[in-house]
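As structure tokens, the structure follows; a few thoughts come after it.
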Amino acid sequence: MQTILLINDDGINSNGLIVVKKKLENLAKVIVVAPKDEISGVGKAITTARHVKMEEMQLSDGSKAYATDGTPADAYLLAVNKIFKRHPDLLVAGINLGPNLGIDDLLNSGTLGAALEAAIHGVPAIAVSYCKKAIGDQKADKAKITVEELDLTAHIAQKIVGYVLENGMPTDADILSINVPEEADCNKMRVTSLSYAGYGDIYTKEKEGYRIARWMLADYADKNPDTDVYVVKEEGCISITPIKIRFIHSKKSVEIMLKKLKLAF
């Protein structure tokens with residue numbers, strides 16, 4: 001039987017993880033290794049300054065899972081190297097309760113951090129996000145997102161995961177990033193490019209200093225109609241973004257620079 005490793009960054013008891021787990025269990029064996037509590041915005045960071053703890057626990061559906069106080073990337077590396085001694089057939093990250101759009105989210109999201117870690121090790125990865133329009137109080141607002149509200153997102157994830165398990169990842173994709181807006185129409189779906197428009201001013205000044213006090217879909221800015229940001233924000237469409245992890249670079253211009261500097265290379 002094929003194996004899916006399921007990780008998130010909203011915490012192991014998040015409704016997003018529970019609802020997608022139920023759908024994915026119709027396709028393969030699902031193993032959950034995830035942060036015990038929410039640890040959003042850490043990207044692909046791994047824990048270096050302290051010990052990382054991991055414990056076996058029981059989810060609300062009665063199944064066994066592993067909770068860690070590390071990052072989502074820690075969860076991936078601990079799962080494959082310490083618990084199972086092998087890589088899964090597929091990594092699913094999510095359902096993230098909030099958008100994961102554009103280059104900044106790719107590099108900052110813990111959900112996508114787990115997907116990046118898997119992809120680096122040659123494991124196909126699917127990141128799934130529910131694009132709530134506005135999140136003020138992170139804990140309270142995310143807790144209000146119901147299983148029913150997430151059903152379409154989980155259904156789409158199930159369909160795409162089933163295809164990838166049977167046929168492999170589409171050519172030239174290491175990660176598929178799925179973003180489903182609120183009140184999405186399942187018939188309105190587009191394949192998109194990753195937006196390269198970075199964050200604007202997302203910090204709020206408070207007495208203690210500056211804080212990201214809210215997360216608003218309206219704050220994402222990109223006028224390119226081909227991008228994930230535009231398609232979700234302006235068109236209300238479901239976005240599927242294929243991502244490659246190999247950076248494209250050329251050595252030639254740097255070699256020319258070194259020659260002009262008369263430095264050996």
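I need a count of the residues in region 159-171 that are buried (at least 17 other Cβ atoms within 10 Å of the Cβ) and without any contact (Cβ under 8 Å) to a residue 40 or more places away in the chain.
0
Residue under question is ILE202, and the condition is that it be among the β-branched types (Val, Ile, Thr), loosely packed, with under 11 Cβ neighbours inside 10 Å and free of Cβ contacts under 8 Å to residues at least 60 places away in the same chain; does it hold?
Taking the combined requirement at face value, the residue does not satisfy it.
Which of the residues spanning region 58-73 are surrounded by 15 or more Cβ atoms within 10 Å (Cβ to Cβ) and in a strand (DSSP E or B)?
ALA65, TYR66, ALA67, THR68, listed by residue number.
Give all pairs with beta carbons closer than 8 Å in which a residue from region 72-97 that is without any contact (Cβ under 8 Å) to a residue 24 or more places away in the chain meets a residue that is crowded, with 20+ Cβ neighbours inside 10 Å; count only pairs at least 6 apart in sequence or on separate chains.
ARG86/VAL80
Only one of these is closer than 24 Å to ALA197 by Cβ, buried (at least 24 other Cβ atoms within 10 Å of the Cβ) and touching a residue at least 24 places away in the same chain (Cβ under 8 Å): GLY113, GLY136. Name it.
GLY113
Return yes when ALA119 is free of Cβ contacts under 8 Å to residues at least 60 places away in the same chain, under 15 Å from ASP174 (Cβ atoms) and not hydroxyl-bearing (Ser, Thr, Tyr) and no when it is not.
So ALA119 does not fit the description; no.
Where in region 92-151 are there helices (runs of 4 or more DSSP H), lying fully within it, with 3 or more residues that are closer than 20 Å to LYS36 by Cα?
It comes to 110-120, 138-143.
Condition first: touching a residue at least 12 places away in the same chain (Cβ under 8 Å) and over 19 Å from PRO242 (Cα atoms). Can you find one or more residues in region 172-179 that meet it?
For region 172-179, residues touching a residue at least 12 places away in the same chain (Cβ under 8 Å) and over 19 Å from PRO242 (Cα atoms): absent.
Please go through region 201-239 and give me each residue that is charged (D, E, K, R), closer than 18 Å to LYS142 by Cβ and assigned to a loop (DSSP other than H, G, I, E, B), ordered by number.
ARG214
Give ILE31, ILE18, ILE39 a once-over and let me know the one that is part of a loop (DSSP other than H, G, I, E, B), surrounded by 13 or more Cβ atoms within 10 Å (Cβ to Cβ) and of a type in the set (Val, Ile, Thr).
Testing whether each residue is part of a loop (DSSP other than H, G, I, E, B), surrounded by 13 or more Cβ atoms within 10 Å (Cβ to Cβ) and of a type in the set (Val, Ile, Thr) leaves just ILE39.
To keep it simple, each residue is scored yes or no on (1) within 22 Å of the chain's Cα centre (by Cα); (2) crowded, with 17+ Cβ neighbours inside 10 Å.
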| position | (1), (2) |
| --- | --- |
| LYS188 | yes, no |
| SER195 | yes, yes |
| LYS207 | no, no |
| TRP215 | yes, yes |
| ASP226 | yes, no |
| ILE238 | yes, yes |
| LYS244 | yes, no |
| HIS249 | no, no |
| MET257 | no, no |
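With respect to the numbered conditions (1) in a loop (DSSP other than H, G, I, E, B); (2) surrounded by 11 or more Cβ atoms within 10 Å (Cβ to Cβ), which one is the sole condition not fulfilled by ILE156?
(1)
Taking region 171-194, which residues are part of a loop (DSSP other than H, G, I, E, B), of a type outside the set (Asp, Glu) and either modelled with pLDDT of 95 or more or touching a Cys at 6+ places or on another chain (Cβ under 6 Å) (or both)?
Those that are part of a loop (DSSP other than H, G, I, E, B), of a type outside the set (Asp, Glu) and either modelled with pLDDT of 95 or more or touching a Cys at 6+ places or on another chain (Cβ under 6 Å) (or both): ALA173, LYS188, THR192, LEU194.
The values are calculated or read from the model by the stated rules, or taken from the named source; none is laboratory data. Keep in mind that this is a model prediction, so the values were computed, not measured. Positions of Cβ are backbone-derived with ideal geometry, glycine not excepted, and every protein chain shown enters the neighbour counts.
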